[in-house]
Each structure stands twice: as structure tokens, then as C-alpha cells.
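> Shown below is the structure under consideration.
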Amino acid sequence: SFIGLRSTPLDHKTQRDIVGIGANVSLVIFFAAPLSTIATVIKTRDSSTIHIPTMIMNTFNCVFWFSYALAVSDPFIAVPNGLGLLFGAIQIFLYLIFPRRSGLQQIASREPLDELILNEDNISVGSDGSVGTELK
């Protein structure tokens, strides 16, 4: 799309703004993607679905770029990285509030399944040898 913009009659500032807005939208989507696990973390009260290395690196990356953007007064850098910093802070907050559970703790916290009892009342064998069940 950038090559297509170069051949338009738009001035350089307009072209730069179009590319900048497109890049910002992409960055915000990238930084917000890990937030899809928020509902899971809150529902299970377990942060094991948050990928810690990605959370830490994205947050540090946003801190540095946001600081730079403030120093040079560039909103095209400040806006997506400020939002990324906010999203990273939310993930860190959830990680601290809802610590990871071990595998045994996760299994123990699940709701138990109803007992499954198979007997001659709910199992049938067809004439072709197929087995069927009817759970009550």
C-alpha cells in the first residue's frame, strides 16, 4: 500500500499520516491481542493463560517507546505505545492478583462431572455388533 501511496497526488504529509494511522491500528491490535485471556483469568482466578515472557517484553518495549515519544512529542509513537503500556499494566495487575496455579490445583478446582454408571439398562448392542449408550 505504501508503493500505491507514492503514485498518488497526495502530498508527503498526507501520505505519512495514512501510513502512520495504519501502523498505529496494527500496533494497537497487536498489543491488545493478549487481553483476550482476561475473561478466562478473571473467571478461573488463575493467570496461567497469560504468557509471561510476552507480557514482560511488550510492556518494557512500550515503556521505552512511550518515553521516547514523549521526549520528541510524536503522537504517532505515543498513542499505540501508551495503549500498549496500559494493556501490559492490566496483564501485570491480573498476574499479581490471580497467581498461577499448579496443574494439581487446576484439576482440583474444576467442577466434578456427574457420575457415569454404565450397566445393562443404558448399554445396547446392535445386530451388527455396534455398541450404543443411553445415559440418564
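The values are calculated or read from the model by the stated rules, or taken from the named source; none is laboratory data. Predicted model, so just to flag it, every value in this text is computed and none were measured. Glycine gets a Cβ as well: all are built from the backbone with ideal geometry, and neighbour counts include every protein chain shown. For accessibility, only protein heavy atoms count, side chains too; no ligands or nucleic acids. Shrake-Rupley method; radii C 1.70, N 1.55, O 1.52, S 1.80 Å.
> Residues with beta-carbon under 15 Å from that of residue 42, excluding residue 42: net charge, scoring Lys, Arg +1 and Asp, Glu -1?
Taking every other residue near residue 42 into account, the sum is +3.
> Show log10 I(q)/I(0) for region 32-102 at q = 0.13, 0.24 Å⁻¹, two decimals, from a solvent-free Debye sum over equal Cα scatterers.
Once normalised to I(0) and log-transformed, intensities are -0.39, -0.95.
> Ignoring ligands, DNA and RNA, what percent of the accessible area of region 44-91 is carbon or sulfur (1.4 Å)?
Its accessible area is 76 percent carbon and sulfur atoms.
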